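Below is one structure; the comments refer to it alone.
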Amino acid sequence: MSDHKARLSQEFDLITTAFHEAGHTISGLLNLMKIQFVCIDAKMDRNLNKDLGYTNFIIAADFKYVQDLDLKKELLIREIYVNYGGLAAEKLLYKDICGTYNIPMILKVGSYLDRDRCAELISAHNLAPPGRKRYAFKKKSLQKSIDQLEESWSDVKLVAHILFRKKRLTYDQLRAILTKKSEHKDFWKEHFKIINKIYRNCHGMADEDLRYYFVS
C-alpha cells in the first residue's frame with residue numbers, strides 16, 4: 001500500500017473509531033452510566049489487534065452485591081446496550097453513507113471485543129438460554145442499542161466530531177459539550193443532574209434506591 005493510501009486508510013479508521021466510541025459514550029450516558037473518559041489513538045495498530053479507541057464507563061452498582069433480581073437484570077441489560085453501542089453507531093454511520101446497516105465483516109473488527117463482552121454477560125448471568133433464544137436476545141439487544149442511538153444521532157455525531165479533533169474527552173468535557181452545544185441541551189442538563197446524583201451517592205445506595213433510577 002502506498003503512503004498516500006495508508007494515510008487515507010488510517011484516517012478512515014480514526015473516523016469510524018471516533019463514531020464507535022461516541023456510540024459507547026452516548027449509549028452509556030443514556031443508560032445512566034458515568035463516562036470517565038473516551039479516547040482514540042492514531043498510534044494504535046489494528047494489525048496487532050489493538051483497539052484504536054477506548055471508552056471508560058462505570059456502573060452504579062456491582063452486580064454481585066445486588067440482591068434485587070429485577071434490578072440486577074436491568075443493570076446487566078443496560079451494560080449490554082452500552083457494549084453494543086459502538087457497533088450500533090458504526091451501523092448508523094454506514095447507513096448514512098451507504099443506505100444500509102449491513103457493514104462488511106472486514107469493517108467490524110473493532111466490535112469483536114464488545115460482542116464477546118455481551119456474549120459473556122448473557123451467558124454468565126443466564127439472561128437467555130443457549131441456541132435460538134440467545135441469538136434472538138442478542139439481536140434484540142443490538143437493535144435496542146441502535147434505536148437509542150438513532151434517536152440521539154445528532155449527539156453521537158457531535159461527540160464523534162469533537163473526539164476526532166481532540167482525541168480524548170473527559171466526563172466534564174462531555175457534559176459541557178452536550179449541555180451547551182447539543183440540539184437537546186435541555187434534556188442533557190436534566191440528565192446529567194440525575195447521573196451526578198447517582199454517582200455521588202451510589203456506594204451508599206440500597207437496591208430500593210437504585211430501583212428508582214434504573215427500573216421503570
- Tell me which residues, restricted to the range 177-211, are within 21 Å of Asp70 (Cβ to Cβ), surrounded by 13 or more Cβ atoms within 10 Å (Cβ to Cβ) and free of Cβ contacts under 8 Å to residues at least 12 places away in the same chain. Asp209
- Query: Does Gly99 satisfy being among the small types (Gly, Ala, Ser), more than 13 Å from the chain's Cα centre (by Cα) and either under 23 Å from Glu150 (Cβ atoms) or modelled with pLDDT of 90 or more (or both)?
  - Reply: yes
- Task: Taking Ser216 as meeting all but one of (1) within 16 Å of Gly85 (Cβ to Cβ); (2) open to solvent by 60 Å² or more (accessible area, probe 1.4 Å), write down the number of the exception.
- Result: (1)
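Based on this model, can you work out whether Leu142 counts as more than 18 Å from Lys34 (Cα to Cα) and surrounded by 18 or more Cβ atoms within 10 Å (Cβ to Cβ)? Quick ask: steps written out before the conclusion?
Values: more than 18 Å from Lys34 (Cα to Cα): yes; surrounded by 18 or more Cβ atoms within 10 Å (Cβ to Cβ): yes.
Spelling it out, Leu142 is indeed more than 18 Å from Lys34 (Cα to Cα) and surrounded by 18 or more Cβ atoms within 10 Å (Cβ to Cβ).
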- Task: Identify, from the list Asp62, Asp13, Asp51, Asp70, the residue that is out of contact with any helix residue (DSSP H, G or I) (no Cβ under 7 Å at 6 or more places or on another chain), charged (D, E, K, R) and modelled with pLDDT under 90.
- Result: Asp62
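Residues checked against (1) within 25 Å of Glu21 (Cα to Cα); (2) free of Cβ contacts under 8 Å to residues at least 60 places away in the same chain; (3) polar (S, T, N, Q); (4) touching a Lys or Arg at 6+ places or on another chain (Cβ under 9 Å):
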residue	(1), (2), (3), (4)
Phe63	yes, no, no, yes
Asp70	no, no, no, yes
Tyr94	yes, yes, no, no
Gly99	yes, yes, no, no
Ser111	yes, no, yes, no
Asp116	yes, yes, no, no
His125	no, no, no, yes
- Note on the structure: Within the range 151-176, of all residues that are over 30 Å from Val66 (Cβ atoms) and hydrophobic (A, V, I, L, M, F, W, C), the one most open to solvent (accessible area, probe 1.4 Å) is Phe164
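Report yes if some residue within the range 123-139 is assigned to a helix (DSSP H, G or I), buried (at least 19 other Cβ atoms within 10 Å of the Cβ) and either modelled with pLDDT of 95 or more or not acidic (Asp, Glu) (or both); otherwise report no.
No, every residue in the range 123-139 fails to be assigned to a helix (DSSP H, G or I), buried (at least 19 other Cβ atoms within 10 Å of the Cβ) and either modelled with pLDDT of 95 or more or not acidic (Asp, Glu) (or both).
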- Task: Take the range 74-86 and flag every residue that is open to solvent by 10 Å² or more (accessible area, probe 1.4 Å) and within 18 Å of Glu151 (Cα to Cα).
- Result: Arg78, Tyr81, Asn83, Tyr84
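The values are calculated or read from the model by the stated rules, or taken from the named source; none is laboratory data. Fair warning: this is a prediction, and the values are worked out from it, not measured in the lab. Ideal geometry is used to build each Cβ from the backbone, glycine not excepted, and the neighbour counts take in all protein chains shown. Heads up: the accessible areas ignore ligands, DNA and RNA and are worked out on the full protein's heavy atoms, side chains in. Shrake-Rupley method; radii C 1.70, N 1.55, O 1.52, S 1.80 Å.
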